[in-house]
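The values are calculated or read from the model by the stated rules, or taken from the named source; none is laboratory data. Note that the structure is a prediction, hence the values are computed from the model and not measured. Every residue, glycine among them, receives a Cβ derived from its backbone with ideal geometry; neighbour counts consider all protein chains shown.
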Amino acid sequence: MLSWTVSLVTAMVAISLILNLWRLFAGPDLPDRLLALDTMYINSIALIILLGIWLGSALYFEAALLIAMLGFISTAALCKYLLRGDIIE
Amino acid sequence: MNFLLELIVSIFLLIGGIFILVGSIGLVRLPDFFMRLHAPTKATTLGMGGLLIASMILFTVRESGISVHELLITLFLFITAPVSAHMMAKTALHQKNKMIERTTGQELIERARQQKAPDVKSSLND
Amino acid sequence: MLAKPRFKWLPMPYHSILLFVTWLLLNNTLAPGHLFLGSVLALGIPLLTSSLSKPQPALHKPMHTFRYALRVLGDIVTANLEVAIQVMGPIKNLNPGFFAVPLDLEGELPITLLASTVSLTPGTVSSEVSECRKFLYVHALTMKNEEELIQTIKQRYEAPLMEIFSC
């Protein structure tokens, strides 16, 4: 049963990644694309966690943590750039 | 026992997956940026919470020793999600993104963009 | 009122606890070696970095933070369900609104905590703080009554924070 559920949830996350990609290309303004990127990195963490459950290995945890940190920092840096035209003042 | 464990883990996984999907559907469906901002920040944090709880339960039982390091990602996401939402809302105000017409209180936007207090006469007394 | 360190060798006690717990969670173990290494890091890093930190308001009732965190966690679940239903429902019924909440809190840490809570919980996202730190601009996904929403934010979230920081 678990393998069936994991495949189903992976499909759901994949569909949401495709929807995010659509918003990334179609989004009318820059902040929309930024929001799509932000959602995309959270969804990719979900995908990595699901891969860890599927393979039964706790090794993927570190990759998920790294993506969480880098994703937040890149969102913050992009926001600062759009706000002020500069990242480190 | 084993069936019960799989049932609990599956329920948490399904909750997580549904919330992540709802967040992304909201991102596509809603009409303006400020409304779109609500769907991913709220729905996705709870979705990740569900997935990480499922992973925590599964690895705790399978590997005969508690596995709680997923809590770290959950905690990190719960701390950073509102911060990045706030920064993106600030960016959208700065870039003069339009809100849809039926949004109430649009006269405050210009004051908010300049980081000034709202006009006391017009907004607070009515 | 600002926090003052009680001991010279322990300049930031809450940061030390956080560092210790994070180290143990990161290594996912309770082995004695890691307990020792974690406590060395938890004592050493604050000593090196305490001169960089800004003074923050003192916690007056630290135990109340747990109650506040539990209340916010419960509200996150209910607010998420509400937002999910609103997102999937018909868009025509949504009436978004933009409004300003007058703040009684002072200090950067309490206002940051309130803004984060507002973003996480009741269908609202905090989008800007006025320069005088007296008003928080908030965008709501659907809004029936502006006064009611402002009162909810002030009573349910701001009042406990004022009690914790006593400002």
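Some values worked out for this structure:
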{"read-out": "Residue match in region C:60-74 (condition: closer than 30 Å to residue C:154 by Cβ, under 21 Å from the mean Cα position of the chain (by Cα), in contact (Cβ under 8 Å) with a residue 40 or more places away in the chain and not in a helix (DSSP H, G or I))", "value": "yes"}
{"read-out": "Hits in region C:31-53 - residues which are at pLDDT below 80 and either within 21 Å of the chain's Cα centre (by Cα) or not in a helix (DSSP H, G or I) (or both)", "value": "C:53"}
{"read-out": "So residue A:43, is it crowded, with 17+ Cβ neighbours inside 10 Å, within 18 Å of the chain's Cα centre (by Cα) and either closer than 16 Å to residue B:51 by Cβ or more than 10 Å from every other protein chain (Cβ to nearest Cβ) (or both)", "value": "yes"}
{"read-out": "Positions within region B:63-97 being more than 9 Å from chain C (Cβ to nearest Cβ) and more than 28 Å from residue C:73 (Cα to Cα), in sequence order", "value": "B:63, B:64, B:94, B:95, B:96, B:97"}
{"read-out": "Restricting region B:22-51 to residues that are at the interface with chain A (Cβ under 7 Å from one of its Cβ atoms) and free of Cβ contacts under 8 Å to residues at least 24 places away in the same chain, the residue that is farthest from residue A:1 (Cα to Cα)", "value": "B:36"}
{"read-out": "Enumerated helices (runs of 4 or more DSSP H) restricted to region B:1-109, each holding at least 2 residues that are surrounded by 23 or more Cβ atoms within 10 Å (Cβ to Cβ) and over 18 Å from the mean Cα position of the chain (by Cα)", "value": "B:33-62, B:70-94"}
{"read-out": "Helices (runs of 4 or more DSSP H) lying entirely in region C:77-167 (those with 2 or more residues that are in contact (Cβ under 8 Å) with a residue 60 or more places away in the chain)", "value": "C:159-165"}
{"read-out": "Any hit, region B:27-43, residues being in contact with a Ser or Thr (Cβ under 9 Å, 6 or more places away or on another chain), modelled with pLDDT under 90 and among the charged types (D, E, K, R)", "value": "yes"}
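Okay, residues lined up against (1) β-branched (Val, Ile, Thr); (2) more than 7 Å from chain B (Cβ to nearest Cβ); (3) closer than 25 Å to residue C:54 by Cβ; (4) buried (at least 22 other Cβ atoms within 10 Å of the Cβ):
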residue: C:87; (1), (2), (3), (4): yes, no, no, yes
residue: C:107; (1), (2), (3), (4): no, yes, yes, no
residue: C:119; (1), (2), (3), (4): no, no, yes, yes
residue: C:131; (1), (2), (3), (4): no, no, yes, no
